[in-house]
Amino acid sequence: MLRLGLCCLFKEAPIRFRAATAKVLKQYDRGEQLARLSALCLENSRSLVAALDEVQRLGFGAFRVCSPLFPLYTHPEVGYRLDDLPQAAEIAANLARVKSRKSRYRLRLSFHPDQFTLLSSPRPEVTAASLQELDYQALLAEQIDADVINIHAGGVYGDKESALSRLAEQVVALPAPVRSRLTLENDDVSYTVADLLPICEMLSIPLVYDVHHHRCNPDGLTVAEATAACLQSWRRVGREPYLHLSSPKNGWHAKPKPHADFIDVKDFPGEWLDLNATLDIEAKAKESAVKQLMAELNLPRWGRE
């Protein structure tokens, strides 16, 4: 059965995740910084519990957790560790509740670090910061039993082959909590499905297939061929495949990269309907877009026998 996933945020449900800026925090001494960060992390951990309850109520099968769930965790000046926070025990208890709900509802949880998390960069400081970010997300993933940390290959930097070689070197050296969850996704500018398949096969990394990106950045593979390659990459590691779907805000004949509020059902590949896979819906209308596509595809609510 195809499970549909919601990405990070809600439009209708009153569930919010709070953020912070280093500029504001640096006005305070360390004790006050940690107190404020603790309050934010506690509130966000409560929101994540509520998010899983809402996802289950709506009949969705997956949820992408917002990467800055713990704001500024890896910041070089105001960063912290969970044990530094005054309310660490309460925060950990909420993460345990998330893990329990994830299991009870049979949901799939994932992370998708931002575009600044790069393992192919020629700049050591960028790579070091990216590795720190991946360690943080793996820490959270272990706490809540999320099985995917999905990244893009990054920039080309004038030499795609060298960039992919740097990426491979970093992946091989990743600690197990990161490496076991890492996936690669084709993007709409630099790296196509065909570019990523050799490295995915060499390193046994699953490919998250984004069909919108593929349509923006084609490589000669059909949607059916790219889908088959994606499925094979997940079979190699014995896990459920992962897919992404979005529609262009201004249509395919304008600038197709910005995402639309809803999914045009014509953009849904027919090859996907009978798959046992996770499909994240990347649409601005959030849960309304997922509900609409479920109805148009006549998909049952996740978890209903």
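Details
- Residue order, fewest to most surrounding Cβ atoms within 10 angstrom, among Val49, Val172: Val172, Val49
- Restricting segment 1-79 to GluC sites (Glu not before Pro) that sit in a DSSP loop and have at most 10 other Cβ atoms within 10 Å of their own Cβ leaves Glu77.
- Taking the fewest neighbouring Cβ atoms within 10 Å as the starting point, the ordered list for Asp195, Asp145 is Asp145, Asp195.
- Low-density loop positions, chymotrypsin sites (Phe, Trp or Tyr not before Pro), segment 1-73 - DSSP coil, at most 15 other Cβ in 10 Å: Tyr28
- Between Leu297 and Asp261, the FRET efficiency estimated from the beta carbon spacing at R0 = 22 angstrom works out to 0.80.
- Spin-label model, Asp29 to Ser288: label points 7 Å out along the Cα-to-beta-carbon direction sit 4.8 nm apart.
- When all alpha carbon pairs of the chain are counted in 10 Å bins from zero, the resulting P(r) reads 6, 27, 34, 25, 8, 1 %.
- Shape of segment 186-305, Cα gyration tensor, a/c cut at 1.5: oblate
Values quoted throughout were computed directly from the atomic coordinates according to the rules given, and no laboratory measurement underlies them. Because the structure is predicted, anything quoted here is derived from the model rather than measured. Positions of Cβ are backbone-derived with ideal geometry, glycine not excepted, and every protein chain shown enters the neighbour counts.
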